[in-house]
Amino acid sequence: MVHGVAPKPATASRSGALSGTIRVPGDKSISHRAFMFGGLAAGTTRITGLLEGEDVINTGKAMRAMGAQIRKDADTWIIEGTGNGCLLAPEAPLDFGNAGTGCRLTMGLVGTYDFKTVFTGDPSLSSRPMNRVLDPLKLMGTQVEASEGGRLPVTLHGPRMAAPIEYTVPMASAQVKSAVLLAGLNAPGVTTVTEKVMTRDHTEKMLKGFGAEIEVETDSDGTRRIRLEGQGKLTGQAIDVPGDPSSAAFAIVAALIVPGSNVTIENVLMNPTRCGLITTLLEMGGSITFLDRRSAGGEDVADLRVRHSELTGVTVPPERAASMIDEYPVLAVAASFASGITVMEGVEELRVKESDRLAATAAGLKLNGVLCEEGEATLKVTGQPGGKGLGNPSRGEVATHLDHRIAMSFLVMGLASEHPVTIDDSRMIATSFPEFVNLMTGLGGAIEMAADPLRS
Ligand code: S3P
């Protein structure tokens, strides 16, 4: 997002049936990692289907600042990497904008190098906790200077020789798991990361694809132990990034709640660590059909056909949270149109996302007439089938707090509510899903951007 640009409100209004076939942009988690691992590996990496949202572009800029050569030829991104262990000291602070994934994973990637790296971000990223990554880096020998409470700006300076560690990730977080593994790439010997709850496994899978010596052992209780041999050789790869299920989520919920809708979303990543929302929506009675399930580049993908459905409230168990952590705001929107009550349990991690998503979701729902109860780590939503009475006739604005997923979730809500739903700012949508408004209006959704008063 360009600093200093005025907020851009937007309004979504009740729409006729949504119909058509779309493709959502490439998966954000895989896109970040493709730039990072391609930038680190020796030789050439070619990436197609990359998400060209602001978050991922900032990761590309950071890799370039550390020595990777990155260019684009037609639809393919071509990267000449530095070779593992050969990143260069960036001359200026690395600005990650809004992106927690780009920032935290890069802290791991370069934090064990014997030079100084400075990390900055926008006000949202600067309010998010970084100690979860800084603590294990300190154990590996990195010197850390952080702002109050372990916030950005952060300066890291790795030791002459990093120490490999055995680390148990204290919270369910793929970012922390990944940061420690990436730090281990530059440490001699074996770095071991244990996670009690399985989180998205893109780092493990992709590092293996790039040639890292990495093994995963899973206990009978689901605990995973990941062992990575440091200082190995990584070699450039060809990567075709599948569609992002976290972006597809908005079109899926829109099609389920807008009467008469029938929408197909092609080429969506179906990695089981990312499918919790679909499991939940199926339990709620959603009509979602998997067409042409196939394997592409080591990942399962499918085309999804979604039709309007009468949904029923369910209880979403805490053990499902990691597989749908970014999808709770839009699930809360689906729940607002279901009969009965939906309870979301064990969602404390929502409090440290781009915004406090639990509070932001509850506030937005209440503003738009939805009965809901926010607990410390729970959200309870009472639905209003048909969206009767939902929305805000006086166009009160949902506060999005620089959070792209809050912005998109509430625009989806407005497509099926009796009254319009207005958000205070749509700029952040460009961080993860720049095509969102065009794709949704192309399906028949009524979304209007506020006119810019400075434009004639
Ligand atoms: C991500 C991990 C998740 C998720 C984020 C992407 C990743 O964060 O919310 O959008 O690519 O590793 P946490 O690890 O903080 O749960």
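Only four residue types carry charge here, +1 at the Cβ of Lys and Arg and -1 at the Cβ of Asp and Glu. Report the dipole size of the chain about the Cα centre in Debye, rounded to the nearest 20.
360
Taking every DSSP beta bridge with both residues inside the chain, roughly what % is antiparallel (nearest 5)?
Percent antiparallel among DSSP bridges in the chain is about 75.
Nearest 500 deg cm²/dmol is fine: what mean residue ellipticity at 222 nm does the chain get from its DSSP H runs of n ≥ 4 alone, each adding -39,500 (n - 2.57), divided by its residue count?
It lands at -8000 deg cm²/dmol.
Calculate the FRET efficiency for T194 and A451 from the Cβ-Cβ distance with a Förster distance of 56 Å, rounded to the nearest 0.05.
0.60
Please say if region 89-138 is rounded, prolate or oblate, where rounded means a/c under 1.5 for a ≥ b ≥ c the square roots of the C-alpha gyration tensor eigenvalues, and otherwise the choice is prolate for a/b larger than b/c and oblate otherwise?
oblate
Please report the spacing between the Cα centers of region 281-344 and region 51-81 in Å, no decimals.
Result: 32 Å between the Cα centres.
Take the Cβ-Cβ distance between D221 and V343 as r, set R0 to 25 Å, and report the resulting FRET efficiency rounded to the nearest 0.05.
Plugging the Cβ-Cβ distance into 1/(1 + (r/R0)^6) gives 0.50.
Write down Rg/Rh for the chain, rounded to two decimals, with Rg from the C-alpha atoms and Rh from the Kirkwood relation over Cα pairs.
0.96
Given N residues in region 374-440, what is its alpha carbon radius of gyration divided by 2.2 N^0.38 Å?
1.19
Could you order T280, T441 by accessible surface area, starting with the largest, using a probe radius of 1.4 Å?
T441, T280
Of the trypsin sites (Lys or Arg not before Pro) in region 359-400, which ones lie in a loop per DSSP and count no more than 15 other C-beta atoms within 10 Å?
Those that pass, being in a loop and sparsely packed, are K388, R395.
So for the pair T441, T168, with labels modelled 7 Å out along Cα→Cβ, what separation do we get in nm?
The two pseudo-label positions are separated by 5.3 nm.
Suppose the chain between T315 and S394 were pulled fully straight at 0.36 nm per residue; how much longer would it get relative to their current alpha carbon spacing?
Separation in residues times 0.36 nm, less the Cα-Cα distance, equals 25.2 nm.
Quickly rank 180-186, 7-13 as a protection proxy: mean count of other C-beta atoms within 10 Å, highest first.
180-186, 7-13
Quick check for you: with a 1.4 Å probe and neighbouring chains kept, what is the accessible area per residue of the chain, in Å²?
37
Using a 1.4 Å probe on the protein heavy atoms, what percent of the accessible area of the chain belongs to carbon and sulfur?
That share works out to 50 percent.
If you average 1/r across every pair of different Cα atoms in region 28-240 and take the reciprocal, what Kirkwood value do you get, in Å?
16.8 Å is the Kirkwood radius here.
Starting from the exponent 0.38 and prefactor 2.2 Å, build the expected Rg for region 321-456 from its residue count and divide its actual Cα Rg by it.
Working it through for region 321-456, the quotient is 1.02.
Estimate the FRET efficiency between R351 and K138 by the formula 1/(1 + (r/R0)^6), using the beta-carbon distance for r and 25 Å for R0, to the nearest 0.05.
So the FRET efficiency works out to roughly 0.55.
Extending each Cα 7 Å along its Cβ direction at T289 and Q69, get the distance between those two points in nm, one decimal.
5.0
Among the GluC sites (Glu not before Pro) in region 168-239, which ones are in a DSSP loop with at most 14 other Cβ atoms within 10 Å of the Cβ? Mind listing them?
Those satisfying the criteria are E213.
Can you classify region 8-147 as rounded, prolate or oblate using the Cα gyration tensor, where a ≥ b ≥ c are the square roots of its eigenvalues, rounded means a/c under 1.5, and otherwise it's prolate if a/b beats b/c and oblate if not?
oblate
The values are calculated or read from the model by the stated rules, or taken from the named source; none is laboratory data. Quick caveat: nothing in here was measured; it's all calculated off a predicted structure. Cβ atoms come from the backbone with ideal geometry, glycine included; neighbour counts cover every protein chain shown. Quick note on the areas: whole protein, heavy atoms, side chains included, nothing else; ligands and nucleic acids left out. Shrake-Rupley method; radii C 1.70, N 1.55, O 1.52, S 1.80 Å.
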